[in-house]
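First comes the structure, then the notes that go with it.
The values are calculated or read from the model by the stated rules, or taken from the named source; none is laboratory data. Since this is a predicted model, take the numbers as computed values, not measurements. Methodologically, a virtual Cβ is constructed for each residue, glycine included, from the backbone with ideal geometry; neighbour enumeration extends over all protein chains shown. Just so you know, the surface numbers come from the protein's heavy atoms only, side chains and all, with ligands and any DNA or RNA stripped out. Shrake-Rupley method; radii C 1.70, N 1.55, O 1.52, S 1.80 Å.
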Amino acid sequence: MGSYSLTLIRTEVAFEMGMLRLQAFLFLLLTSEGKRKYRESKTLPPVSNTSQGLVPETRPQKGYRDLPPSYIGQPTNLESPCEEQNVIFVESSIPVSGITECQTLCKVAKSCEFFTFNSGNCGIRTYSPNAYVNGSPLQKLGTKTDILSPILDGKVFVGQAIEIFGGNSLDCQRSCQQDFNCISWTWNEAGGLNPEICVHNYGITQRKLTVPTASNIISGPKF
């Protein structure tokens, strides 16, 4: 076999290997299964909490933007100029006959990652949650394949939840600003259901709901 034939074979093999790598990349980029596998391959390091705020034991991998940096700096205990007290920013919901109908809607919606159900209202959510917090006792959750009741009754899936000891609404907003996927934030003051927890909301704000003052909740936009 001549040198020209060997060169041609090597070129064809390199081309086929390149196409396989491209197909694998497109699988990760364009499919929900691929995205989940990509997130699983980018496991973040453990984080320890101290009285000075969140201190990472190691740093997140460079370029990983699905989760925010675990270290947000020293808490300022300052109020955000954008804050709205006793308000939560939420996405849209539609009335349904029951939780089974809500799950059916999630099944037929290709972008649905999970759904919420509360008092006859169904919310189809299109982002992958990374945490959950305490919510209304009437709140129920599910996915295309499972209704997560009663194990997660009263819980709310969120984009991310970060504990900031000694923080305030400005610290929560700054934390949201460091999270590529964060659209709005909710700061839970001490004494509420989720004391000193900053919630990153990944869904687009469609409504603003008023909550009781005793909830100790403050919300605001990313910027």
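Quick notes on this one:
- Pairs with Cβ under 6 Å, 6+ apart, first in segment 127-151 and more than 17 Å from Ser93 (Cα to Cα), second acidic (Asp, Glu): Ser128/Glu113
- Check on Ile164, open to solvent by 10 Å² or more (accessible area, probe 1.4 Å), among the aliphatic types (A, V, I, L, M) and under 24 Å from Ser128 (Cβ atoms): no
- Selection count where residues are touching a helix residue (DSSP H, G or I) at 6+ places or on another chain (Cβ under 9 Å), aliphatic (A, V, I, L, M) and not in a strand (DSSP E or B), scope segment 186-216: 1
- Flag for Leu152 being part of a loop (DSSP other than H, G, I, E, B), among the aliphatic types (A, V, I, L, M) and open to solvent by less than 30 Å² (accessible area, probe 1.4 Å): yes
So that you can scan it fast, the table gives a plain yes or no per residue for (1) under 18 Å from the mean Cα position of the chain (by Cα); (2) closer than 14 Å to Ser219 by Cβ; (3) among the acidic types (Asp, Glu):
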residue	(1), (2), (3)
Glu101	no, no, yes
Cys122	no, no, no
Cys176	yes, yes, no
Glu189	no, yes, yes
Thr205	yes, yes, no
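- Residues being of a type in the set (Val, Ile, Thr) and surrounded by 17 or more Cβ atoms within 10 Å (Cβ to Cβ) - total across segment 87-132: 7
- Scanning segment 184-210 for residues being without any contact (Cβ under 8 Å) to a residue 60 or more places away in the chain and β-branched (Val, Ile, Thr) gives a total of 0.
- Flag for Asp179 being surrounded by fewer than 19 Cβ atoms within 10 Å (Cβ to Cβ) and either of a type in the set (Asp, Glu) or in contact with a His (Cβ under 7 Å, 6 or more places away or on another chain) (or both): no
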